[in-house]
Number of protein chains: 2
Amino acid sequence: MESIPTPALIIDSATVDRNLERMAVYADSHEFDVRPHAKTHKSKQFGAAQIAAGAVGLTVAKVGEAEVMATVADDLLVAYPTIGRDPANRLAKLARHVTLRVATDSAESAEALAAAARRVSATIGLLVDVDMGLGRTGVQTPGAALKLAQLVDRTAGLRLDGICCYPGHVWGPPGEQQAALVALSNRLGQIVDLWAEHGLEARIISGGSTPTAYQSHWVEDLTEIRPGTYIFNDMNLVHGGFCTLDDCAARVVATVVSTAVPGQFVLDAGSKTLSSDRCVPAPDSGHGYVCEYPEARIAKLSEEHAQVDARDCQRQPKIGEQVTIIPNHICPVVNLQDFVWVRTADGPLEKTPVEARGKVS
Amino acid sequence: MESIPTPALIIDSATVDRNLERMAVYADSHEFDVRPHAKTHKSKQFGAAQIAAGAVGLTVAKVGEAEVMATVADDLLVAYPTIGRDPANRLAKLARHVTLRVATDSAESAEALAAAARRVSATIGLLVDVDMGLGRTGVQTPGAALKLAQLVDRTAGLRLDGICCYPGHVWGPPGEQQAALVALSNRLGQIVDLWAEHGLEARIISGGSTPTAYQSHWVEDLTEIRPGTYIFNDMNLVHGGFCTLDDCAARVVATVVSTAVPGQFVLDAGSKTLSSDRCVPAPDSGHGYVCEYPEARIAKLSEEHAQVDARDCQRQPKIGEQVTIIPNHICPVVNLQDFVWVRTADGPLEKTPVEARGKVS
């Protein structure tokens with residue numbers, strides 16, 4: 001380990017494989033398609049691994065991510081309401097070479113995509129984004145979902161493919177999740193029925209999120225799931241009860257750079273490496289989990305320093321010692337890296353680029 | 001504006017010039033050297049502008065940043081306790097071409113730098129990092145400062161140059177700052193006296209931070225200041241009372257991508273653009289200031305979305321409308337960008353690379 005500069009993000013290949021396999025087995029047993037969200041890894045290598053593990057395609061948020069992932073997947077969903085001519089033109093160009101869908105909640109977005117698609121004689125598939133309680137994006141009523149679906153259906157350049165929802169607000173123990181997902185299932189059912197009454201079919205009903213992934217069978221009409229974080233996992237999922245520490249494939253190796261303040265050690269991984277994201281289910285748990293010092297608490301981050309409270313630790317690390325951190329939220333951590341180091345069984349660490357990092361548009 | 005993809009970080013050149021000029025005038029009037037911290041802009045262009053405005057050199061945190069900034073400044077301070085052979089070797093290599101100093105708080109760090117410097121027949125200047133109350137890094141007592149200074153003084157490859165401190169914890173109104181800085185001045189004086197008793201001189205006494213910058217004259221022995229954020233400013237400084245909205249040179253342009261949820265609009269700038277950093281002096285003020293909708297509150301960020309509570313706004317923006325955000329903390333926002341757009345008087349927006357972004361090591 002000492003031969004790579006720290007801080008460094010290390011990905012354990014065997015853990016990744018296990019995480020992908022577990023999701024594939026679940027999806028198979030319930031006949032769901034898996035369309036992983038590439039935002040977690042942002043790397044061609046892992047996108048290709050997801051396809052190899054049976055994914056029907058990949059999900060992305062931004063056009064720049066779609067452009068990267070189109071090199072490893074021929075079926076992409078942009079789960080984001082793109083607005084304006086620039087993203088529409090870039091997506092239409094992609095749609096000439098891969099199956100491309102966009103999930104959106106407005107006529108403005110749909111019409112810009114349609115115009116761009118027509119200009120290059122392409123077709124873009126549309127999923128109507130339906131809010132299921134998160135309150136972020138998505139049409140609010142079955143009537144609004146129908147209205148947008150009808151617009152898409154009659155607009156040249158577009159193909160009405162179905163419905164997209166994101167149950168990112170559904171956390172908690174399995175019983176609570178089940179109740180929330182059954183309610184969500186009923187609401188989706190209303191939309192599907194209303195569409196059917198008007199001669200429209202939702203061939204794809206796309207849900208997702210890692211915390212709900214293994215409860216997806218409670219949503220009756222669902223055809224595909226879009227988990228993202230499951231490939232690496234993180235402390236959000238550990239504290240939420242959705243995975244164990246052993247399931248966490250991505251860890252930051254950091255070096256102790258100062259022990260000047262008694263009862264504290266300082267690491268060379270600050271918010272520029274770990275991000276400032278708090279742990280959602282355990283906001284007071286600090287800025288990540290230090291594997292070698294489980295009693296330690298990463299109390300404070302500045303950009304380049306982690307101040308670790310070690311007063312409860314039985315021993316204190318020395319200057320120069322390396323420690324391993326499981327981040328609270330792995331997605332922004334990956335986005336902060338130009339590359340990651342992949343560990344394979346018995347092989348050396350392989351430096352792997354994060355091609356889709358920083359693609360804000 | 002519509003011709004650039006959003007979200008985009010726009011830098012107003014005239015405001016930057018004014019901010020640099022104001023600091024230069026203050027420093028001149030008190031005979032301080034200015035050694036701006038390049039972490040805020042991470043760009044060669046702005047580093048060069050700071051040198052042109054009279055800075056004696058630049059400050060950086062990481063070795064990778066030093067390597068970038070060595071192309072525009074021949075005098076660099078790494079205000080970070082580098083540990084281990086890799087950073088030491090890289091810095092020693094730089095020290096053959098530029099005046100290079102490192103601020104550190106441990107014998108381990110100093111000895112690694114010395115060994116690396118000797119290997120390439122270079123000399124690295126050392127500043128002893130002294131904790132003035134922030135509790136992050138820095139030796140804790142005058143005795144410890146003396147001990148490290150003596151080690152540096154007798155070690156080949158190193159040159160004892162002085163003392164470095166960072167009063168990042170000194171916020172608040174001018175009266176409070178003055179009291180804190182006078183106390184800090186007394187503590188520094190004790191160290192200087194102790195060194196003098198042992199025949200050691202602190203030629204450089206380096207302080208800094210933008211919030212304390214214009215109060216630096218209360219620290220008697222100070223020779224240089226290291227403000228970073230002052231070049232762009234941000235909502236931390238506005239809410240802290242250290243600058244006005246007009247002084248904020250760096251603003252994120254974002255597009256309204258959804259208005260599906262009543263009373264809310266959603267922007268295409270999430271934590272991947274704005275970072276998750278809260279406003280330190282006003283943690284409940286939301287995730288930045290929306291210039292066109294001052295009554296709006298950026299209530300929630302996810303990676304690619306800002307959910308803006310617009311219930312108090314007199315009018316609501318339309319889908320596709322662009323708005324301008326002043327971030328809470330500009331440094332991590334810059335780090336998230338591959339490039340920024342610089343606006344000059346009457347000229348077009350110039351796409352400018354952020355060469356030192358992402359340099360975690």
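The values are calculated or read from the model by the stated rules, or taken from the named source; none is laboratory data. Values in this document were obtained by computation on a predicted structure and should not be read as measured data. Neighbour counts run over all protein chains shown; Cβ positions are idealised from the backbone, glycine included. Keep in mind that these areas ignore ligands, DNA and RNA; they rest on the heavy atoms of the full protein, side chains included. Shrake-Rupley method; radii C 1.70, N 1.55, O 1.52, S 1.80 Å.
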Inter-copy distances for A:THR71, label 7 Å out on the Cα-Cβ vector, sorted ascending, nm, one decimal, are 2.3
Could you sort A:TRP195, A:TRP218 by accessible area so the largest value comes first, with the probe set to 1.4 Å? A:TRP218, A:TRP195
Looking only at the protein assembly as shown, where both bridge partners belong to it, what percent of the DSSP beta bridges are antiparallel (to the nearest 5)? 45
Distances in nm between the label point of A:ARG311 (7 Å along Cα→Cβ) and its equivalents in the other copies, shortest first, are 4.0
Between helix A:142-153 and chain A, what is the angle of the helix's C-alpha long axis to the longest principal axis, kept within 0 to 90° and rounded to the nearest 10? 70
For A:LYS318 and A:HIS30, what does the FRET efficiency come to when R0 = 35 Å and r is the distance between their Cβ atoms, rounded to the nearest 0.05? 0.10
Order by accessible surface, 1.4 Å probe, largest leading, for residues A:PHE339, B:PHE242, A:PHE265 comes to A:PHE339, B:PHE242, A:PHE265
Sorted by accessible area (1.4 Å probe), largest first, how do A:HIS198, B:HIS97 line up? B:HIS97, A:HIS198
With an 8 Å Cα cut-off and a minimum separation of 6 or more residues, compute the relative contact order for chain B in percent. 19
Minimum Cβ-to-axis distance in chain B for the rotation onto chain A, with residue, whole Å: B:SER276, 2
Ratio for the protein assembly as shown, C-alpha Rg to 2.2 N^0.38 Å, reads 0.99
What does the copy distance list look like for B:SER29, label position 7 Å along Cα→Cβ, in nm and ordered from shortest? 7.4
Any idea what angle helix B:85-95 forms with the longest principal axis of chain B, computed on alpha-carbon atoms, 0 to 90 degrees, nearest 10? 80
Note the angle between two axes, namely the Cα long axis of helix B:13-30 and the longest principal axis of the Cα atoms of chain B, as a number of degrees from 0 to 90, rounded to the nearest 10. 30
Gap separating the Cα centres of the stretch B:101-168 and the stretch A:6-74, nearest whole Å: 46
Counting only residues 5 or more places away or on other chains, whose amide H sits under 5 Å from the amide H of B:CYS164 once H atoms are built in the peptide plane? B:VAL128, B:ASP129, B:VAL130, B:SER206
If each Cα of the stretch B:236-292 is one equal point scatterer, what is log10 of I(q)/I(0) from the Debye formula at q = 0.27 Å⁻¹? -1.27
Taking H as built 1.01 Å from N, whose amide H comes closer than 5 Å to the amide H of A:SER258, not counting residues under 5 places away? A:VAL266
Rank A:ALA49, B:ALA144, A:PRO142 by how far each Cα sits towards the positive end of the charge dipole of the protein assembly as shown (+1 on Lys, Arg Cβ; -1 on Asp, Glu Cβ) and give me just the farthest. A:ALA49
For chain A, what does the accessible surface come to per residue with a 1.4 Å probe? Please give it in Å². 37
From the helices alone, meaning DSSP H stretches of at least four residues, give me the mean residue ellipticity at 222 nm for chain B, per-run term -39500 (n - 2.57), in deg cm²/dmol to the nearest 500. -9500 deg cm²/dmol
How large is the accessible surface of B:VAL354 in square angstrom, using a 1.4 angstrom probe and rounding to the nearest 10? 10
Could you grab the relative contact order for the stretch B:295-361? Cα pairs under 8 Å, six or more apart, rounded to a whole percent. 19
Given charges of +1 on the Cβ of Lys and Arg and -1 on the Cβ of Asp and Glu, with all other atoms neutral, how large is the dipole of the protein assembly as shown about its Cα centre, in debye to the nearest 20? 1020
Going Cα to Cα from B:LYS359, which aspartates and glutamates come in below 15 Å? Please leave out same-chain ones fewer than 8 positions away. A:ASP268, A:GLU303, A:GLU304, A:ASP338, B:GLU65, B:GLU67, B:ASP86, B:ASP338
Longer than 27 Å from Cα to Cα, which of A:LYS44/B:LYS318; A:LYS42/A:LYS93; A:LYS39/A:LYS93 are they? Say none if no pair is. A:LYS44/B:LYS318
Mind listing the phi-derived Karplus ³J(HN,Hα) values for the stretch A:208-216, rounded to whole Hz, using 6.51, -1.76 and 1.60 with θ = phi - 60°, and x for any glycine or proline? x, 4, 5, x, 8, 3, 7, 10, 4
With a ≥ b ≥ c taken as the square roots of the eigenvalues of the C-alpha gyration tensor of the stretch A:248-325, please select rounded if a/c is under 1.5 and otherwise prolate if a/b is larger than b/c or oblate if it is not? rounded
Going by amide H atoms built from the backbone, whose H comes under 5 Å of the H on B:HIS37, apart from near neighbours? B:THR59, B:GLY228
Could you run the numbers on buried accessible area between A and B, total for both chains, 1.4 angstrom probe, in Å² to the nearest 100? 4300
Measure off, as a whole percent, the carbon and sulfur share of the 1.4 Å-probe accessible area of the protein assembly as shown, all protein chains present. 48
Percent RCO, i.e. relative contact order, over the stretch B:181-320, from Cα pairs under 8 Å lying at least 6 residues apart: 17
Nothing charged except the Cβ atoms of Lys and Arg (+1) and of Asp and Glu (-1): what's the magnitude of the dipole of the stretch A:189-316 about its Cα centre? Round to the nearest 20 debye. 540
Residue by residue through the stretch A:120-134, what is 3J(HN,Hα) from phi via Karplus (6.51 cos²θ - 1.76 cosθ + 1.60, θ = phi - 60°)? Round to whole Hz and write x for glycine and proline. 10, 6, 10, 10, 10, x, 10, 10, 7, 7, 10, 6, 10, x, 5
With the cut-off at 1.5 for a/c, could you classify the stretch B:62-171 from its C-alpha gyration tensor as rounded, prolate or oblate? oblate
Residue (of A:LEU94, A:LEU76, A:ALA61) at the positive-pole extreme of the stretch A:1-106, dipole from beta-carbon charges: A:LEU94
I'd like the accessible area for A:LYS300, computed on protein heavy atoms only with a 1.4 Å probe and all protein chains in place. Round to 10 Å², please. 100
